[in-house]
Amino acid sequence: MAGSFNFIYYGLSKKILQHKLHEIDATQADRVVKGCMGCLIQLRDGIHQREMEKKVLHLMEVLERDFS
């Protein structure tokens with residue numbers, strides 16, 4: 001839904017976010033890479049709210065670092 005899911009289905013979106021954050025935390029990864037700006041913004045906010053030591057990057061940021 002081009003990033004608008006979070007706004008249209010706010011309650012469901014928050015439930016999905018909590019599940020995602022739990023799964024991300026379980027991986028013990030220090031970075032999360034997303035290609036969808038809506039997902040990226042939601043994850044950055046969720047990680048910030050939980051004070052998790054994770055960095056959320058857009059796929060283009062990762063590719064830029066690898067090829068520059």
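Select from the stretch 25-68 the residues that are basic (Lys, Arg), more than 24 Å from residue 4 (Cβ to Cβ) and free of Cβ contacts under 8 Å to residues at least 24 places away in the same chain and list them in ascending order. Outline the logic, then answer.
Initial filter on the stretch 25-68 (basic (Lys, Arg)): 31, 34, 44, 50, 54-55, 65.
In the following step, the residues that additionally are more than 24 Å from residue 4 (Cβ to Cβ) were identified as 31, 54-55, 65.
Scanning the stretch 25-68 gives a single hit, 65.
Does the stretch 20-52 hold any residues that are outside any helix (DSSP H, G or I) and either loosely packed, with under 14 Cβ neighbours inside 10 Å or of a type in the set (S, T, N, Q) (or both), and which are they?
Of everything in the stretch 20-52, those that are outside any helix (DSSP H, G or I) and either loosely packed, with under 14 Cβ neighbours inside 10 Å or of a type in the set (S, T, N, Q) (or both) turn out to be 28, 29, 30, 31, 35, 51.
For the stretch 53-64, enumerate the residues that are touching a helix residue (DSSP H, G or I) at 6+ places or on another chain (Cβ under 8 Å) and in a loop (DSSP other than H, G, I, E, B).
54
Suppose we keep only residues that are small (Gly, Ala, Ser) and surrounded by 13 or more Cβ atoms within 10 Å (Cβ to Cβ) within the stretch 1-19. Which one would you say is modelled with the lowest pLDDT?
Within the stretch 1-19, the match that is modelled with the lowest pLDDT is 3.
The values are calculated or read from the model by the stated rules, or taken from the named source; none is laboratory data. The shown structure was predicted, so the numbers you read here are calculated from the model rather than taken from an experiment. In this analysis, Cβ positions are derived from the backbone assuming ideal geometry, glycine residues included, and neighbour counts consider all displayed protein chains.
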